[in-house]
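Participant: Got a structure for you, questions after.
The values are calculated or read from the model by the stated rules, or taken from the named source; none is laboratory data. Being a predicted model, the structure only gives us computed values, none of them experimental. Quick reminder, even Gly has a Cβ in these numbers, built from the backbone with ideal geometry, and neighbours come from all protein chains shown. When the accessible area is computed, the model is the full protein with side chains, heavy atoms only, and any ligands, DNA or RNA have been set aside. Shrake-Rupley method; radii C 1.70, N 1.55, O 1.52, S 1.80 Å.
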Amino acid sequence: MLPFTYAVRNLFRDPSRLLQTVGGAGLVVFLLMTAAAFNEGMSSVLSGSGSPKNVILLGTGSEESLERSEVHLEAEDIAATSVKGIEQKLGRAAVSGEITYQAPVETESGVKEQAILRGVLEDALLVHRAVELETGNFPGPGQVMVGRLAHRKLGVAEEELATGRSIRFGDATLTVSGIFAAPGTVLESEIWFDRNDLATLTQRDTLSAVYLRLDQGKWEDVNVFTLQRNDLELTAIREDRYYEKLAAFYQPIQVMTWLTAGLVAAGALFGGLNTLYAAFASRIRELATLQSIGFTRVAIFLSLVQESLLATLTGTLLALLVGYFWIDGTAVPFSIGTFHLDLSPAVILTGVAVGILLGIIGILPPVWRTLSPALPKALRSQ
Amino acid sequence: MSDSPFIKIEQVSKSFQKGKATITPLENLSLEVPRGEFLALMGPSGSGKTTLLNLVAGIDSPTSGSLWVGERELTTLKRGQLTKWRASHVGYIFQLYHLVPILSAYENIELPLLLTSLSKRDRRTRIEAALDLVGLSNRATHRPTELSGGQEQRVAIARAIVHDPELLVADEPTGDLDRESADSILQLLSRLSKEHGKTIVMVTHDPRAAEAADRTLHLEKGKLTR
């Protein structure tokens with residue numbers, strides 16, 4: 001084996017080449033880690049938003065979109081009394097008829113952005129168990145309760161949606177009555193209205209959906225109910241399945257994320273490879289000399305792998321540091337909510353694996369160019 | 001010195017394809033070199049000198065014929081076996097020294113010893129002896145860029161002899177040196193042959209360099225002429 005110091009010192013032969021290789025590797029790792037964090041964050045928030053114990057009753061034909069769904073107001077009470085196995089709390093059935101709406105709201109500073117609005121009554125807390133009031137109180141008439149990430153969705157400072165501040169929706173001005181958390185779900189980006197307020201402001205006389213939280217009951221029981229009461233024109237879907245469908249809808253975005261990151265990374269990769277190629281090609285004679293001394297091609301290859309891994313793993317370390325200080329914990333808004341970019345163990349592992357693969361696979365073409373010529377020819381090269 | 005030649009070459013030919021043409025740098029060449037001889041090979045460019053040197057050093061393999069060095073018939077060895085054989089039996093001295101620029105003189109000389117099972121201490125002893133032999137004990141920590149051409153070639157010679165090979169091959173070892181340095185290198189090679197019993201095959205264009213050898217052979221178009 002060639003000494004490890006040979007690999008280390010080779011790195012510093014040409015500092016500009018070293019910078020290019022480390023920078024190229026770091027950029028590739030950073031982009032792919034960001035893509036992994038993006039997709040993991042989006043998948044995680046979508047899969048975390050639905051509970052298998054919750055069933056959503058939607059208007060038939062609107063299974064793909066809560067906003068387009070229309071459910072008769074009386075469906076809430078009928079479902080609460082007709083479906084068996086609904087969870088009860090303090091004598092109240094965990095049933096929540098809600099209005100979901102997407103529309104622009106305006107903050108006090110004049111920022112007007114699209115927001116996800118949900119009209120609810122207090123029973124909503126029996127169904128959406130992830131929701132916890134952090135400060136203030138549940139919204140009454142003329143009030144709204146905002147998710148703690150709603151400010152990210154609107155692109156405003158957190159203080160703009162603090163308790164006591166106000167927002168404008170249509171012609172109405174509503175006061176923020178409280179802030180709620182719903183960790184790992186899309187609900188955290190929503191603005192919750194008093195249901196009657198939202199019905200008035202949107203001029204609706206129907207609900208978007210009725211949520212049921214089951215205890216002993218199963219989805220099949222709810223489905224039978226929708227079939228028995230076909231006059232209500234309802235479709236039952238498990239909440240987790242609904243979000244699975246949504247996740248499938250967002251899959252092209254995730255593919256595009258990988259593709260975009262992959263394409264930019266490929267550019268950086270080829271830049272880095274070109275640098276490595278030039279670095280190794282200038283050493284054909286030296287490596288041939290080592291062979292003439294008696295070092296096998298395998299020993300030389302391993303030394304080159306060490307050298308390459310040192311560069312790419314340094315780039316990986318830099319990418320991890322940049323990721324830790326720059327993207328870890330960043331909230332990214334998307335159409336139905338907000339998710340966090342996290343440097344999770346899986347994301348870190350992706351980065352390290354990419355760094356290792358770059359170090360090994362990346363040097364195969366230059367190593368082939370360097371070690372494949374016949375020894376007499378290689379010894380004569382300049 | 002035993003009766004059997006140290007190097008025995010019988011009807012060796014070497015040819016290779018260059019485009020559509022077949023080039024034959026060596027054709028049915030036979031040669032014997034006794035152990036401890038300092039042999040100079042002369043001839044015009046393209047006469048096959050370096051090809052012959054590479055065959056003897058196990059760097060290249062002949063197309064036909066047989067080639068013995070010591071007890072070993074090189075023509076039967078595969079690439080990997082040849083590499084191992086070179087590690088312990090050959091020291092190669094190049095015209096342009098071929099030192100590794102990022103390593104010090106000491107570390108360059110140490111390279112062949114890294115392929116042995118010698119301890120670090122034993123390696124140090126050997127390297128110091130080699131440096132002493134080439135007169136560069138005070139240059140051990142210098143990198144090639146900090147040495148003159150003559151000194152670089154001395155380091156290259158120290159690297160070639162440090163693992164005590166029986167055979168030294170030198171391809172134009174004085175070709176890039178001034179007269180004074182060249183003479184000093186030739187004296188060193190002569191000493192290695194006479195005092196240390198090394199068999200040396202040296203390719204040279206320089207008649208004065210050839211004079212340092214015990215015998216000089218001339219090659220022309222792949223054949224020995226005298």
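Participant: In whole Hz and in residue order, list the ³J(HN,Hα) couplings for the range A:53-69 that follow from phi through the Karplus curve 6.51 cos²θ - 1.76 cosθ + 1.60, θ = phi - 60°; x for Gly and Pro.
Facilitator: Karplus-based 3J(HN,Hα) across the range A:53-69 equals 8, 9, 10, 9, 9, 10, x, 4, x, 10, 5, 7, 8, 4, 5, 8, 6 Hz.
Participant: Under a 10 Å cutoff between Cα atoms, tell me which one of A:GLU134, A:GLU159, A:GLU98 has the largest fluctuation in the Gaussian network model of chain A.
Facilitator: So, out of A:GLU134, A:GLU159, A:GLU98, the one fluctuating most is A:GLU159.
Participant: Can you give the helix-only mean residue ellipticity at 222 nm for chain B, where every DSSP H stretch with n ≥ 4 adds -39500 (n - 2.57) and the sum goes over all residues, rounded to the nearest 500 deg cm²/dmol?
Facilitator: Value at 222 nm, helices only, nearest 500: -9500 deg cm²/dmol.
Participant: Once Lys and Arg get +1 and Asp and Glu get -1 on their Cβ, which of A:THR202, A:LEU73, A:LEU187 lies farthest toward the positive end of the dipole of the range A:61-232?
Facilitator: Going by the charge dipole, the pick is A:LEU187.
Participant: Going from most exposed to least, what order do B:GLU211, A:GLU158 have by accessible area with a 1.4 Å probe?
Facilitator: B:GLU211, A:GLU158
Participant: Using Cα springs under 10 Å in a Gaussian network model of chain B, which residue among B:SER181, B:SER137, B:SER117 shows the largest mean-square fluctuation?
Facilitator: B:SER117
Participant: Amide H of A:ALA209: which non-local residues (sequence gap of 5 or more, or other chain) have their own amide H closer than 5 Å, using H built in the peptide plane?
Facilitator: A:GLU98, A:THR100
Participant: Placing unit charges on C-beta atoms (Lys and Arg positive, Asp and Glu negative, everything else neutral), compute the dipole magnitude of the range A:223-382 about its Cα centre in debye, rounded to 20.
Facilitator: Rounded to the nearest 20 debye, it is 1000 debye.
Participant: Next question, about the same structure. Over chain A, how many pairs of lysines fall under 23 Å by alpha carbon, counting only those 8 or more apart in sequence or from different chains?
Facilitator: Counting lysine pairs in chain A gives 9.
Participant: Return the single residue from A:ILE284, A:ILE336, A:ILE179 with maximal mean-square fluctuation; model: Gaussian network over chain A, springs between Cα atoms under 10 Å.
Facilitator: A:ILE284
Participant: Am I reading the B/A interface right? What is its buried accessible area, both sides, 1.4 Å probe, to the nearest 100 Å²?
Facilitator: 2000
Participant: Per residue, what accessible area does the range A:61-232 have, given a 1.4 Å probe and all protein chains present, in Å²?
Facilitator: Normalised by residue count, the accessible surface of the range A:61-232 is 45 Å².
Participant: How much length, in nm to one decimal, is gained on full extension between A:ASN137 and A:LEU317, taken as 0.36 nm per residue of separation minus their Cα-Cα distance?
Facilitator: 60.3 nm
Participant: Quick one: putting +1 on the C-beta of Lys and Arg, -1 on the C-beta of Asp and Glu, what dipole do you get for the protein assembly as shown around its Cα centre, in Debye to the nearest 20?
Facilitator: Dipole magnitude for the protein assembly as shown comes out near 3500 debye.
Participant: Gain in length, A:SER44 to A:SER335, computed as 0.36 nm per residue apart minus the alpha-carbon separation, to one decimal in nm?
Facilitator: So the chain would gain 103.2 nm between A:SER44 and A:SER335.
Participant: Scale the Cα Rg of the range A:61-232 by the rule-of-thumb value 2.2 N^0.38 Å and send over the ratio, two decimals.
Facilitator: Here the answer is 1.06, to two decimals.
Participant: Could you compute the FRET efficiency for A:VAL298 and A:LEU90, with r as their C-beta to C-beta distance and R0 at 60 Å, rounded to 0.05?
Facilitator: Once the sixth-power term is evaluated, E becomes 0.20.
Participant: Based on the alpha-carbon set only, what is the convex hull volume of the protein assembly as shown divided per residue, in Å³?
Facilitator: Value for the protein assembly as shown: 235 Å³ per residue.
Participant: Shifting gears a bit: Hey, rough spin-label estimate for B:THR116 and B:HIS218, points 7 angstrom out along Cα→Cβ, what's it come to in nanometres?
Facilitator: Placing both labels 7 Å along Cα→Cβ, they lie 4.0 nm apart.
Participant: Determine, for chain B, the count of lysine pairs separated by eight or more sequence positions (or lying on different chains) whose alpha-carbon distance falls under 14 Å.
Facilitator: 5
Participant: For peptide A:286-292, compute the average count of partner chain beta-carbon atoms within 10 Å of each residue's beta-carbon.
Facilitator: If you average over the peptide's residues, the count of other-chain Cβ atoms is 6.
Participant: If you take the beta carbon distance between B:GLU180 and A:SER381 as r and set R0 to 25 Å, what does 1/(1 + (r/R0)^6) give as a FRET efficiency, to the nearest 0.05?
Facilitator: So the FRET efficiency works out to roughly 0.25.
Participant: Just flag the chymotrypsin sites (Phe, Trp or Tyr not before Pro) in the range A:1-101 sitting in loop per DSSP whose Cβ has no more than 15 other Cβ atoms within 10 Å.
Facilitator: Those that pass, being in a loop and sparsely packed, are A:PHE12.
Participant: I'd like the accessible area for A:THR185: 1.4 Å probe, protein heavy atoms, all chains in place, Å² to the nearest 10.
Facilitator: 10
Participant: Same structure, new question: In the protein assembly as shown, with Lys and Arg counted as +1 and Asp and Glu as -1 at Cβ, which of these residues, A:THR314, A:TRP258, B:LEU186, has the Cα nearest the positive end of the dipole, that is, farthest along it?
Facilitator: Positive-end residue among those listed: B:LEU186.
Participant: Counting Lys and Arg as +1 and Asp and Glu as -1, each charge on the Cβ, what is the dipole of the range A:61-232 about the Cα centre in debye, to the nearest 20?
Facilitator: Computed about the Cα centre, the dipole is about 200 debye.
Participant: Run the accessible area of chain A with a 1.4 Å probe and give the carbon-and-sulfur part as a rounded percent.
Facilitator: 60
Participant: For the range A:250-264, take each phi angle, set θ = phi - 60°, evaluate the Karplus expression 6.51 cos²θ - 1.76 cosθ + 1.60, and give the result in whole Hz per residue in order, putting x for glycine and proline.
Facilitator: Per residue, the Karplus-derived 3J(HN,Hα) values read 8, 4, x, 5, 5, 4, 4, 4, 4, 5, 5, 4, x, 5, 5 Hz.
Participant: Using the basic label-point model (7 angstrom from Cα toward the beta carbon), what is the A:GLU244 to B:ILE23 distance in nanometres?
Facilitator: 6.8
Participant: Explain nothing, just compute: Karplus ³J(HN,Hα) = 6.51 cos²θ - 1.76 cosθ + 1.60, θ = phi - 60°, for every residue of the range A:198-215 in order, whole Hz, x for Gly and Pro.
Facilitator: Those phi angles translate into 5, 4, 5, 5, 9, 6, 10, 10, 10, 8, 8, 6, 10, 9, 10, 10, 8, 10 Hz.
Participant: Quote to one decimal, in nm, the extra length available between A:GLU74 and A:SER282 on full extension: 0.36 nm per residue of separation minus the C-alpha distance between them.
Facilitator: Here the segment from A:GLU74 to A:SER282 would lengthen by 66.8 nm.
Participant: Now for a different question. Would you compute, from DSSP H runs of 4+ residues alone, the mean residue ellipticity of chain A at 222 nm, taking -39500 (n - 2.57) per run and dividing by the full residue count, rounded to the nearest 500?
Facilitator: Helices in chain A give a 222 nm mean residue ellipticity of -16500 deg cm²/dmol.
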